[in-house]
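K.L.:
This structure is in structure tokens; I'll ask about it shortly.
The values are calculated or read from the model by the stated rules, or taken from the named source; none is laboratory data. Please read all numbers here as calculations on a predicted model, not as lab measurements. Positions of Cβ are generated from backbone atoms using ideal geometry, with glycine treated the same way; all protein chains shown enter the neighbour counts.
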Amino acid sequence: MGKNQHVTPHGEDWQVKGAGNSRATKLFDTQAEAVEYAKAIAQNQQSELFIHKTNGEIRERNTYGKDPYPPKG
């Protein structure tokens, strides 16, 4: 399983950043572009994608590959 990917605000832009990385993987003008890019990485690495709001809170998270916390039911 690869590094979880985070889409976070970076000034006026949005960044894709691997968990634990000090530098952004790539910067984007819009959150939608960043999410599309990060989703491809997360799917390829079978990791999780965390999409943050402008205030830094997690807005959404998606698991690609084996879910460590599958839904019960």
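K.L.:
Hey, can you tell me all the residues within segment 31-51 that are in contact with a strand residue (DSSP E or B) (Cβ under 6 Å, 6 or more places away or on another chain), closer than 15 Å to Asp13 by Cα and of a type outside the set (A, V, I, L, M, F, W, C)?
P.N.:
Result: Gln31, Tyr37.
K.L.:
How many of the residues making up segment 27-52 are assigned to a loop (DSSP other than H, G, I, E, B) and either touching a residue at least 24 places away in the same chain (Cβ under 8 Å) or touching a Ser or Thr at 6+ places or on another chain (Cβ under 7 Å) (or both)? Can you show your working first?
P.N.:
First, the residues of segment 27-52 that are assigned to a loop (DSSP other than H, G, I, E, B): 29-30, 46-47.
Then drop every residue that is not either touching a residue at least 24 places away in the same chain (Cβ under 8 Å) or touching a Ser or Thr at 6+ places or on another chain (Cβ under 7 Å) (or both), which leaves 46-47.
Going through segment 27-52 one residue at a time, the tally reaches 2.
K.L.:
Can you name the condition, by its number, that Ala24 falls short on among (1) surrounded by 17 or more Cβ atoms within 10 Å (Cβ to Cβ); (2) part of a loop (DSSP other than H, G, I, E, B); (3) touching a residue at least 40 places away in the same chain (Cβ under 8 Å); (4) not acidic (Asp, Glu)?
P.N.:
Going through (1) surrounded by 17 or more Cβ atoms within 10 Å (Cβ to Cβ); (2) part of a loop (DSSP other than H, G, I, E, B); (3) touching a residue at least 40 places away in the same chain (Cβ under 8 Å); (4) not acidic (Asp, Glu) one by one, Ala24 breaks only (3).
K.L.:
Oh, and also: Under the condition of being in contact with a strand residue (DSSP E or B) (Cβ under 8 Å, 6 or more places away or on another chain) and in a loop (DSSP other than H, G, I, E, B), which residue from segment 53-68 is modelled with the lowest pLDDT? Can you show your working first?
P.N.:
Keep residues of segment 53-68 that are in contact with a strand residue (DSSP E or B) (Cβ under 8 Å, 6 or more places away or on another chain), which gives 53-54, 56, 58-64.
Applying the additional criterion that residues be in a loop (DSSP other than H, G, I, E, B) yields 53-54, 56, 64.
Details: Lys53: 97, Thr54: 95, Gly56: 93, Tyr64: 90.
Applying the filter and picking the extreme gives Tyr64.
K.L.:
Looking at (1) closer than 13 Å to Gly2 by Cβ; (2) under 10 Å from the mean Cα position of the chain (by Cα), which is the only condition Asn62 fails?
P.N.:
So the condition that Asn62 fails would be (1).
K.L.:
So, one more: Among (1) on the phi > 0 side of the Ramachandran plot; (2) surrounded by 14 or more Cβ atoms within 10 Å (Cβ to Cβ), there is one condition Gly56 misses while meeting the rest; what is its number?
P.N.:
The single condition Gly56 does not satisfy is (2).
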